[in-house]
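Chemist: Dropping the structure in here first, questions after.
The values are calculated or read from the model by the stated rules, or taken from the named source; none is laboratory data. Computed from a predicted structure; not experimentally measured. Cβ: placed from backbone, ideal geometry, glycine included. Neighbour counts: every protein chain shown.
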Amino acid sequence: MPIQKTLSIIKPDAVVKNLTGKINARLEDAGLRIIAQKRLQLTRSQAEKFYEVHREKAFFDDLCEHMSSAPVVVQVLCGENAVSKNREIMGATNPANAEIGTIRRDFGQSIEHNVVHGSDSPENADIEIKFFFSQLEIIE
Ligand code: IDP
Ligand code: MG
C-alpha cells in the first residue's frame, strides 16, 4: 500500500469544543502520523480560496462563514493510504449518515458543523498541503 500524505482540518466547531486531542487520538489510533500541525484562524477570503471548488454551491457562504468564525487546527497526516484511510475514519459528510465510531458521527452536530475536513484525492492533498504548509514545516 502506498505511503501518502493528506491534509486534515479540525474545524472551528471542534476547536471551540476543545476536541483537538480526542480527534488526534482517533487519527493516531488508526495508524496515521501527524507530521505537521498548526492552529490558525482563516480570514473569510482565505476560507473562500480554500473552498473555491464549492463557490457555486448553495452552502458556500455558510461554509466560509463557519470556517473563518474561530480557529482551526490544520495538519498533515502521513501513512499507508492516508487519503482514503482518513476519509474512512472521518465518516460521511453528514454526521447523521456516518458510521458509528467515525469522527463525524461521534462529534459532529450537522452537515455544516461536521468537525473535520480531509482531502479527497492524492492530487488535492498535494494542493491543500501546499495551501497551508511550506516544505520546511513538514518533517517526515
Ligand atoms: P467533504 O467535507 O465530506 O469532502 P464536501 O462535499 O467537499 O464534503 O463539502 C465540503 C464541506 O461543505 C462539508 O464538509 C460541509 O461542511 C459543507 N457542506 C457540504 N454539503 C453541504 C450541505 O448540503 N449543506 C451545508 N453544508 C454542506
Ligand atoms: Mg470535500
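Chemist: Keeping to the stretch 106-116, report how many residues are surrounded by fewer than 21 Cβ atoms within 10 Å (Cβ to Cβ) and within 10 Å of ligand 1 (Cβ to nearest atom).
Modeler: Total meeting the criteria: 4.
Chemist: Of (1) at pLDDT 95 or above; (2) out of contact with any Asp or Glu (no Cβ under 6 Å at 6 or more places or on another chain), residue 113 satisfies all except one. Which?
Modeler: Condition not satisfied by residue 113: (2).
For every residue, the table says whether it meets (1) touching a helix residue (DSSP H, G or I) at 6+ places or on another chain (Cβ under 7 Å); (2) at pLDDT 95 or above; (3) closer than 14 Å to residue 11 by Cα.
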residue: 84; (1), (2), (3): no, yes, no
residue: 88; (1), (2), (3): no, yes, no
residue: 99; (1), (2), (3): yes, yes, no
residue: 104; (1), (2), (3): yes, yes, yes
residue: 117; (1), (2), (3): no, yes, yes
residue: 123; (1), (2), (3): no, yes, no
residue: 127; (1), (2), (3): no, yes, no
residue: 130; (1), (2), (3): no, yes, no
residue: 133; (1), (2), (3): no, yes, no
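Chemist: Then there's this: For the stretch 24-34, indicate whether the set of residues that are of a type in the set (D, E, K, R), surrounded by 15 or more Cβ atoms within 10 Å (Cβ to Cβ) and closer than 18 Å to residue 114 by Cβ is non-empty.
Modeler: Checked against the condition, which is being of a type in the set (D, E, K, R), surrounded by 15 or more Cβ atoms within 10 Å (Cβ to Cβ) and closer than 18 Å to residue 114 by Cβ, the stretch 24-34 yields at least one hit.
Chemist: With respect to residue 118, is the statement that it is closer than 18 Å to residue 19 by Cβ and within 12 Å of ligand 2 (Cβ to nearest atom) true?
Modeler: Numbers: closer than 18 Å to residue 19 by Cβ: yes; within 12 Å of ligand 2 (Cβ to nearest atom): yes.
Considered against the rule, which asks whether it is closer than 18 Å to residue 19 by Cβ and within 12 Å of ligand 2 (Cβ to nearest atom), residue 118 comes out as yes.
Chemist: Every residue in the stretch 44-64 that is within 10 Å of ligand 1 (Cβ to nearest atom) and either polar (S, T, N, Q) or in contact with a strand residue (DSSP E or B) (Cβ under 6 Å, 6 or more places away or on another chain) (or both), please.
Modeler: none
Chemist: Let me ask something else. Condition first: within 16 Å of ligand 2 (Cβ to nearest atom), farther than 19 Å from residue 17 by Cα and either within 16 Å of the chain's Cα centre (by Cα) or assigned to a helix (DSSP H, G or I) (or both). Now tell me which residues in the stretch 40-63 satisfy that.
Modeler: 47, 48, 49, 50, 51, 52, 53, 54, 60, 62
Chemist: Considering only the stretch 121-132, I want to know if a residue exists there that is among the polar types (S, T, N, Q), within 12 Å of ligand 1 (Cβ to nearest atom), part of a loop (DSSP other than H, G, I, E, B) and within 16 Å of the chain's Cα centre (by Cα). Reasoning before the result, please.
Modeler: Taking the stretch 121-132 and keeping what is among the polar types (S, T, N, Q), we get 121, 124.
Next, only the ones that are within 12 Å of ligand 1 (Cβ to nearest atom) stay: 121, 124.
Still in the running and part of a loop (DSSP other than H, G, I, E, B): 121.
If we keep only those that are within 16 Å of the chain's Cα centre (by Cα) too, we end up with 121.
Yes, the stretch 121-132 has at least one match.
Conditions (1) more than 24 Å from residue 25 (Cα to Cα); (2) in contact with a His (Cβ under 6 Å, 6 or more places away or on another chain); (3) touching a residue at least 60 places away in the same chain (Cβ under 8 Å); (4) among the charged types (D, E, K, R), marked per residue:
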residue: 46; (1), (2), (3), (4): yes, no, no, no
residue: 72; (1), (2), (3), (4): no, no, yes, no
residue: 110; (1), (2), (3), (4): no, no, no, no
residue: 119; (1), (2), (3), (4): no, no, yes, no
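Chemist: Among the residues of the stretch 118-137, is there at least one that is in contact with a Leu (Cβ under 6 Å, 6 or more places away or on another chain) and charged (D, E, K, R)?
Modeler: yes
Chemist: Considering only residues that are touching a Ser or Thr at 6+ places or on another chain (Cβ under 9 Å) and within 13 Å of residue 132 (Cβ to Cβ), which ones fall in the stretch 67-87?
Modeler: Listed by number, the residues that qualify are 73, 74, 75, 76, 77.
Chemist: Scan the stretch 86-105 residue by residue and report those that are free of Cβ contacts under 8 Å to residues at least 60 places away in the same chain, surrounded by 17 or more Cβ atoms within 10 Å (Cβ to Cβ) and away from ligand 1 (no atom under 11 Å from the Cβ).
Modeler: The answer is 102, 105.
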